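The structure under discussion appears below in the form of C-alpha cells.
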Amino acid sequence: MLPLALTRPGMRLKLNTVRICHRLLPRKCCLMTLVPDQMPSVPANEPSSERQQEVSRTARSSSRRWIFLSLFMVVLVVAAVWGRASLHAYRTSQFEVACRIAREDRNWTQLQEVAEQWTAWDPEEAKGWWAAAEAAQEQDEFEAMAACLGRIPDTDPNLAFALAEKANLEWAALNRPMDALATSERVIQLDPRLVETHSRVISFYAMNQQRIPMLRAIRKAVDAGAEPREAYTYLVMADVLAFTNGSELNERWMQASPEEPRFKIGLAVNTAMRLVMNQETSPTPEIIELNNQAKQQISLFLKEFPHDPVILTFLMNQAYRAGDIRRMEELLAMVDHQGSEDHMIWVYRTWYHTQINELPAAEEAILEALRLHPMSPLAHHEYANLLRLQQRPEVAKEQRLAAYGRDLRSQLLLLPTAVDLTTALLVQIQSYAEACGDSQIAAAIGRRL
C-alpha cells in the first residue's frame, strides 16, 4: 500500500506503478511471493502488451531522433571549427606572402603596413610581431622595435632572444636602464645561457657600485656556465670598485631617470672616488675644492639614505684609510639588514674590533666576510693582522693570500677595460680562487681555460 498521504478515495494504481513497486522489493521476496498460480490477472481496462510495444517503438524512435540531432550538431561544430581554422590558415598565408614580397623589395614601409594589419587581426601570431620589429629596425625606429619585440607571445620558442634584443635597445639606443634591467632579468629566467645579458646586468651593478647584487649576478652567471670574461675582473676588484667611466654612465642613466637614487648615489660615489685618487696624485687647489664639494654631496646623501651600503662602505673606506676609529664606529652603527650581505662592511667591522682589542668579535666578523666573498684581498689582509696579534700559525697563509690578491688587483687596474682580461691573468685568478677555497670560481675558470 502507498502511504496515506499519497492516496485519494477512488484512486486506482496502474500496472506499471505496481511493477515499479515490485522492482523496489528484494529479488528473493518477489520470487517467493508471486508463484505462477497466484499471479494476478490483468484487468480488461489496463494497457495491453500491444500498447507496451507501441510505447517501446515510440521511445526507440525518439532516441534515434536525439542521436541524429546530436550527430548533426557535432558535424556542424566540427565544420565550423575546421572552416575557421582553414580561414585563419589562409589569411596567415596571405600575410606571410605579402611580408615576403615587401622584404624582397626592401619596401620597409609596406612591410610595416602589412605587419600592422597582421598583428591587429591576430595579436597572438608571433610572426606578425617579428615582421613589425624588422620593419622598425630597418627604419631606425627603435622605440617601435622595442615595443614590437615586447609583444612577442610567451608561446614563441624565440621569446628569450626577442627580449634580449629589446633589452639591448633599452640599455643603449633608448637609454632606459631600469626597463633594461627588468627585461634582462626576465631573459635570464627564460634562458640563463645568454652571456651578453649576464654581462649587461653585472656591469650595470658594478658601475653603480652595488657590490651585493653584482656578486650575486656573477655567481648566478657562473652557475649557468654563462659568465662573461670581465666577471673575473670584478671578483678580484670587488673590495673597492673603481672605473674611469663610472661617473659618465651614471650621469647618462640619471638623465633618463632623474629621481632614481641608484644613479644619484652612483654618480656621487664614482666622482668622489676619482677626485680622491686625483688629490693623492696631484693635490691642486682645484682638485681639493672639487673633492670637498664631493664630500659635502655624499654627506647629504647619507642623511637621505642613512643605511645605503654603497654610501656607507665608501665613507668607511675613507675612515679606514685615515685610521679614524670613532668615525668607523659611527658608520657601523648605521648598518641595517641591507648591508649585512656586503662583505666589506664585515671587513671594516673586523678592523674596528681589532683596533679596540675585541679579538673574538673581530674573528667572527672576518669569517663572515670571507664566507660572503672568499676572494677578498683586504679580508685576507685583515685576517692576517688578527692572526698575528693572536700569534697563530695560520698567519703566513693569510699573508700570502693578501699579497697575491693585491698583486692581481694592481695588474687588473692597468687593463684598458675590465673586458681586456688576458689568459695569463685568468690563470692567476684561477690559482688565487683555488688558494682562497672558492671552488666554484676555480672550477669555472678551469672549464673556460
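Only the coordinates and a few stated rules stand behind these numbers; no lab work does. Small disclaimer: the values here were computed from a predicted structure and weren't measured. Backbone-built Cβ (ideal geometry, glycine too); neighbour counts: all protein chains shown.
Output the peptides 333-339, 204-210, 187-193 sorted from most to least packed, where packing is the average of other Cβ atoms within 10 Å over each peptide's residues.
204-210, 187-193, 333-339
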Burial ordering of Y320, Y90, fewest other beta-carbon atoms within 10 Å first = Y90, Y320
ask   = Can you put M237, M328 in order, fewest other beta carbons within 10 Å first?
value = M237, M328
inquiry  = Taking every pair of distinct Cα atoms and averaging 1/r, then inverting, what Kirkwood hydrodynamic radius in Å comes out for segment 82-139?
reply    = 11.3 Å
key: Calculated FRET value between E329 and T155, using beta carbons and R₀ = 45 Å, to 0.05   = 0.20
remark   = Length gained if D407 through M178 is fully extended, taking 0.36 nm per residue and subtracting the Cα-Cα distance, is 78.9 nm
ask   = Of K166/K220; K166/K295; K127/K166, which ones are farther than 28 Å apart at the Cα?
value = K166/K295
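For segment 242-305, how big is Rg over Rh, using alpha carbon atoms and the Kirkwood form of Rh?
Working: Rg = 12.1 Å, Rh = 12.1 Å.
Across segment 242-305, the Cα-based Rg/Rh ratio is 1.00.
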inquiry  = If packing is taken as the average number of other Cβ atoms within 10 Å across a peptide's residues, how do 119-128, 266-275, 299-308 rank, most packed first?
reply    = 266-275, 119-128, 299-308
